[in-house]
1. Quick check on my filter: what residues within region 124-141 are open to solvent by 20 Å² or more (accessible area, probe 1.4 Å) and either polar (S, T, N, Q) or assigned to a helix (DSSP H, G or I) (or both)?
2. Quick one: HIS10 ticks every box in (1) modelled with pLDDT under 95; (2) closer than 30 Å to SER248 by Cα; (3) of a type outside the set (A, V, I, L, M) except a single one, so which number is it?
3. Only one of (1) crowded, with 20+ Cβ neighbours inside 10 Å; (2) under 20 Å from VAL179 (Cβ atoms); (3) of a type outside the set (Ser, Thr, Tyr) fails for GLN144. Which number is that?
4. May I ask you to list the residues in region 48-78 that are buried (at least 19 other Cβ atoms within 10 Å of the Cβ), assigned to a loop (DSSP other than H, G, I, E, B) and on the phi < 0 side of the Ramachandran plot?
5. Quick one: in region 144-161, of everything that is among the charged types (D, E, K, R) and farther than 18 Å from GLN114 by Cα, which residue is nearest to the chain's Cα centre (by Cα)?
6. Check ARG104, ARG84 and return the single one that is touching a Pro at 6+ places or on another chain (Cβ under 8 Å), within 19 Å of PRO178 (Cα to Cα) and of a type in the set (D, E, K, R).
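The values are calculated or read from the model by the stated rules, or taken from the named source; none is laboratory data. Since the model is a prediction, treat every value here as computed from it, not as a measurement. Cβ placement follows ideal geometry from the backbone for every residue including glycine, while neighbour counts extend to all protein chains displayed. Areas reflect the complete protein model, heavy atoms only, side chains present, ligands, DNA and RNA absent. Shrake-Rupley method; radii C 1.70, N 1.55, O 1.52, S 1.80 Å.
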Amino acid sequence: MEETEKRGTHQKTECIDWGGHVCGQTPITANNETWKDILVKNAHDGLPQPSPDCDRCSVISGECLYYHYGCDGKDDRGWGCGYRTIQTMSSWLCLNQPPSVSRRPPPSLSEIQQTLVEIGDKPDSFLGSREWIGTFEASLVLDQLYDVPCRIVHVRYGKELDQAVEDLHNHFLTRGSPVMMGGDRDNSSKGILGVCTGKQGSYLLVMDPHYFGCPLDKNSLQRQGWVSWKPVASMDQCSFYNLCLPLSAKK
């Protein structure tokens, strides 16, 4: 629930777990791995195309990490999916940008909030809050931290999402970076890693950051639908949508 076009009531910092436990474990696993060591890389690899009639399929190039609720021991259920999608996008920039461009690690939740306050987009009261953020804030964070501007594509209604399919094909073919998507009625932030088009319509490769629990492997994430192809027609037909396309270096 991340698009700022539909905000919730601010909640106070004392209720936020900024570094607690996930499934009874600390962010250090039994094998002395940190939480960053167990984030799944390219969780979409091996996923079959959504339909045999798809004759055009465009997906991200390079590698990205699957960030989700609680993956760093911070319980952000109900408000943090926009932040997690930004982290996934940032992981791609960190892993795939040329050496001449900033390749800093993905920002933490608090670093994302601090960045938005420092550039003047949010007031000081935003720090430590559970306020949702969306595609606009994502564009500001990526520009500030990675010097990568973003293009925002606005779609008035879900039933018009097919109009953005060509933008997505072109983006993945020329830029190759993950895209962030969110809306108003459908206000759940999601990462878009690809698009497929065939005679029966188009499909989006969705990386859903709403999973919360113990680490899952790639096969489990795909089997449980956290990374999956979704028909464009299955999106909320009455919700508007915004797509944040990072203008990363051309391939």
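1. ASP124, SER125, PHE136, LEU140
2. (2)
3. Status for GLN144: all satisfied but (1).
4. Across region 48-78, the qualifying residues are PRO50, ILE60, CYS64, TYR66, TYR67, HIS68, TYR69, CYS71, ASP72, LYS74, ASP76.
5. Kept after step one, since they are among the charged types (D, E, K, R), are these residues of region 144-161: 147, 151, 156, 159-160.
Of the ones still in play, those that are also farther than 18 Å from GLN114 by Cα are 151, 156, 159-160.
Working: ARG151: 15, ARG156: 21, LYS159: 22, GLU160: 22 Å.
The extreme case among them is ARG151.
6. On the way: ARG104 fails: touching a Pro at 6+ places or on another chain (Cβ under 8 Å).
So the residue among ARG104, ARG84 that is touching a Pro at 6+ places or on another chain (Cβ under 8 Å), within 19 Å of PRO178 (Cα to Cα) and of a type in the set (D, E, K, R) is ARG84.
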